[in-house]
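Okay, structure first, notes after.
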Amino acid sequence: MFIQTEATPNPSTLKFLPGKVVLETGTAEFRDETEARAASPLAARLFGIPGVKGVFLGYDFITVTKDDADWQHMKPAILGNIMEHFMSGLPVLAGGALGGSEDDEGEFFNEGDETIVATIKELLDTRVRPAVAQDGGDITFKGFRDGVVYLNMKGACSGCPSSTATLKHGVQNLLRHFVPEVQEVEAVA
């Protein structure tokens, strides 16, 4: 098994490509070991490595976020654990856990804005999310109110120094161009 590694715009996050499907549908993000142990044998294994503080699972990639530890020491352990996991035959997610990006959970917008929200979601799905996935992350719609689009940034995008520029100059300009009702884009946790 050959696992490729790619840098992301976030210096605290690396993207690992195992050469096989990680999650058939959706994404999964883990920010602590307890949550990972309950939902994903792969994420739990990665959290066992000192310095790991986040794991994000996408269709064909895994992003790992570190604390102030050195990638030079962590990378071999991460590669080894990913390889061991896939060779073990264990599932990526535990039986009850589903790979979903909780896309519709907790969304908020006014009833009259369904058409605007549908357009925003389509633009995010077709133009923004594929590009963000290239960098090892994901952006999902959370809400729209008073001209402001609220987005949730995950994986390498969460806490990335360039995420504000991505939101303000990239996503905001794109949405404002196609949806005149959009005035601003904000990140939410």
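The values are calculated or read from the model by the stated rules, or taken from the named source; none is laboratory data. Predicted, not measured: the structure shown is a model, and the values here were computed from it. Note that we place each Cβ from the backbone using ideal geometry, even for glycine, and neighbour counts take in every protein chain shown. Each accessible area value is taken on the protein alone, full model and side chains, heavy atoms only, with ligands, DNA and RNA left out. Shrake-Rupley method; radii C 1.70, N 1.55, O 1.52, S 1.80 Å.
Given the structure, is Glu122 over 21 Å from Gly54 (Cα atoms) and at pLDDT below 85?
On the way: over 21 Å from Gly54 (Cα atoms): yes; at pLDDT below 85: no.
No: the conditions fail for Glu122.
For segment 67-81, which positions are under 19 Å from Asp135 (Cβ atoms) and open to solvent by less than 70 Å² (accessible area, probe 1.4 Å)? Working first, answer last.
Applying the first criterion (under 19 Å from Asp135 (Cβ atoms)) to segment 67-81 yields 71, 75, 78.
Trp71, Ile78, listed by residue number.
Please list, ordered by first then second residue, the pairs with beta carbon atoms under 8 Å, 6 or more apart or interchain, first in segment 66-82 and of a type in the set (Gly, Ala, Ser), second open to solvent by 50 Å² or more (accessible area, probe 1.4 Å) and not in a helix (DSSP H, G or I).
Pairs that qualify, where the first residue is of a type in the set (Gly, Ala, Ser) and the partner is open to solvent by 50 Å² or more (accessible area, probe 1.4 Å) and not in a helix (DSSP H, G or I), are Ala69/Pro50.
For segment 67-80, give me the residue count where each residue is part of a loop (DSSP other than H, G, I, E, B) and among the hydrophobic types (A, V, I, L, M, F, W, C).
To start, the set of residues in segment 67-80 that are part of a loop (DSSP other than H, G, I, E, B) comprises 67-70.
Those still in the list that are among the hydrophobic types (A, V, I, L, M, F, W, C) too: 69.
Final tally of qualifying residues: 1.
If you check every pair at least six apart or on different chains, which have Cβ atoms under 6 Å apart with a residue in segment 112-139 that is under 23 Å from Phe56 (Cα atoms) and touching a residue at least 40 places away in the same chain (Cβ under 8 Å) first and a residue that is outside any helix (DSSP H, G or I) and of a type in the set (D, E, K, R) second?
These pairs meet every condition: Gly136/Lys15; Gly137/Lys154; Asp138/Lys154.
For segment 21-64, enumerate the residues that are more than 14 Å from the chain's Cα centre (by Cα), closer than 12 Å to Leu93 by Cα and aliphatic (A, V, I, L, M).
Passing the criteria: Ala36, Ala38, Ala39, Leu42, Ala44.
Could you tell me which numbered condition Phe30 fails, if it satisfies all but one of (1) farther than 25 Å from Thr140 by Cα; (2) in contact with a helix residue (DSSP H, G or I) (Cβ under 6 Å, 6 or more places away or on another chain)?
The number of the failed condition is (1).
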